[in-house]
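What follows is a set of notes on a single structure, which appears directly below.
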Amino acid sequence: IVKIQGDASGTILLLMEPAAAISLVKPIAQGQEASALEEIGNILAGASLGALARFLNLTLMQSVPGSATDMLRALINEITAELGASSDHILVLGINFVTAETHIGGQLYFLFDPASTQKILTASRLKTGEPNEA
């Protein structure tokens, strides 16, 4: 879990099956799996957030990573309740990845609050030349 700050606010989640997450980091960080997963999430979030910020000409910064292990619904409910208290709509950008050697998959999700969602959509439309919708 990484918080997004700056011109937009939200949360980035790296989601993996627990067994897949452990098998990904155990060969490189046995005994420090949680820390290694946080660092992998931090690197993936930073690279993706940086690319999005450059593409949209926005200032987007990330927090120090944290981690949680729970049922997916509980994690998503907690985050969306925090982000979307005033709206039923959030913007979710999903990124899938698989390592070349282990074929372990996961997803990196960006969840933005309603005001940030509108800001990102407007910046995206300006960048791609699409008309803004009312």
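The values are calculated or read from the model by the stated rules, or taken from the named source; none is laboratory data. Everything numeric here is computed off the predicted structure, so don't read it as measured data. All Cβ positions, glycine included, derive from the backbone under ideal geometry; neighbour counts span all protein chains shown. Accessible surface areas use protein heavy atoms only, side chains included; no ligands, DNA or RNA. Shrake-Rupley method; radii C 1.70, N 1.55, O 1.52, S 1.80 Å.
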Could you tell me whether segment 85-101 includes any residue that is closer than 25 Å to Ser35 by Cα, modelled with pLDDT of 70 or more and surrounded by 14 or more Cβ atoms within 10 Å (Cβ to Cβ)? no
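Could you check segment 102-125 and list, in sequence order, the residues that are of a type in the set (S, T, N, Q) and either modelled with pLDDT under 80 or closer than 21 Å to Asn42 by Cβ (or both)?
Once the filter is applied, which keeps residues that are of a type in the set (S, T, N, Q) and either modelled with pLDDT under 80 or closer than 21 Å to Asn42 by Cβ (or both), segment 102-125 yields Thr102, Gln107, Ser116.
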Of all residues in segment 4-35 being at pLDDT 90 or above and not polar (S, T, N, Q), the one that is nearest to Ile76 (Cα to Cα): Ile4
For segment 38-54, does any single residue satisfy the condition of being open to solvent by less than 30 Å² (accessible area, probe 1.4 Å), under 15 Å from Ile104 (Cβ atoms), touching a residue at least 12 places away in the same chain (Cβ under 8 Å) and in contact with a helix residue (DSSP H, G or I) (Cβ under 9 Å, 6 or more places away or on another chain)? no
Which condition from (1) crowded, with 17+ Cβ neighbours inside 10 Å; (2) of a type in the set (Val, Ile, Thr); (3) within 12 Å of the chain's Cα centre (by Cα) is the one that Val25 breaks? (3)
